[in-house]
Amino acid sequence: MKQLKIILFLFLATSVSGYGQFKIPALPYSYNALEPTIDSTTMRIHHDFHHAAYAANLNKALEKYPELYKKDILELIQNINELPADIQTAVRNNGGGFYNHSFFWSIMAPAGTAPMTPKLEKILIDNFGSVDAFKAEFEKAAVGRFGSGWAWLIKESTGKLRIISTPNQDNSLMQKAEVKGKPVLTIDVWEHAYYLKYQNKRVAYVKAFWNVVNWTEVERLIGQ
Ligand code: MN
């Protein structure tokens, strides 16, 4: 009886949770929490449909290789070259999209709830000369990314902070990345991230983004 219960439990657990498949995390705040910087409709569509689609497409790509469902997303995107050749592009695009969006939600917070500390200010001054210079360089990377992609603040293996941008759903953790490093801040500059509210004015979106950065999380990641 006990064994039967265990088997039944395992069956239910696997069928209900879709064992091992990649699932997007819930937003760490409500859809309207970042208003007026990012409107709730954009958040809802971005999280529930765009982000969810990357997960669904990643899961579909891995169907032929179900053992890969057990891997951590970081393990997958850091070792794309070791994957079967027929799924490398799908994992790069959809695994990248899955990871990048999960990360993006985590480095934002409702305005005023996670301000920059003097300690973080000093780190940015040490790396970029001033906080304004840091912001200007990040904005330039975000606005200057042609087409769809992301701008990033990354921590290189030397410990130095650096600003880069990547196309599509690439990031600095991938094997083929031009510049490698650990992401500590990012902004999504795909049009789906801002078009409803800002239309073609990417600059306005990028400048407003500073209102909702979770500096507490950025500082924690830099310190790791
Ligand atoms: Mn996006």
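The values are calculated or read from the model by the stated rules, or taken from the named source; none is laboratory data. Keep in mind that what you see is a predicted model, and the values were worked out from it rather than measured. Positions of Cβ are generated from backbone atoms using ideal geometry, with glycine treated the same way; all protein chains shown enter the neighbour counts. Surface areas here come from the heavy atoms of the whole protein model, side chains and all, with no ligands, DNA or RNA. Shrake-Rupley method; radii C 1.70, N 1.55, O 1.52, S 1.80 Å.
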Quiz prompt | Residues of region 138-173 that turn out to be in contact (Cβ under 8 Å) with a residue 60 or more places away in the chain and open to solvent by 10 Å² or more (accessible area, probe 1.4 Å), as a count | solution = 6
Exercise. Can you tell me which residue within region 79-101, out of those that are in contact (Cβ under 8 Å) with a residue 60 or more places away in the chain and surrounded by fewer than 17 Cβ atoms within 10 Å (Cβ to Cβ), is farthest from K180 (Cα to Cα)?
Key: N81
Quiz item: Can K135 be described as over 30 Å from L58 (Cα atoms), in a helix (DSSP H, G or I), in contact (Cβ under 8 Å) with a residue 60 or more places away in the chain and open to solvent by 40 Å² or more (accessible area, probe 1.4 Å)?
Solution: yes
Practice problem: Give me a count of the residues in region 167-224 that are of a type in the set (D, E) and either within 14 Å of the ligand (Cβ to nearest atom) or within 22 Å of F146 (Cα to Cα) (or both). | Solution: 4
Self-check item: Of the criteria (1) open to solvent by 30 Å² or more (accessible area, probe 1.4 Å); (2) away from the ligand (no atom under 16 Å from the Cβ); (3) touching a Leu at 6+ places or on another chain (Cβ under 8 Å), which one D72 fails
Solution: (3)
Quiz prompt | Residues of region 21-58 classified as not in a helix (DSSP H, G or I) and not β-branched (V, I, T), total | solution = 16
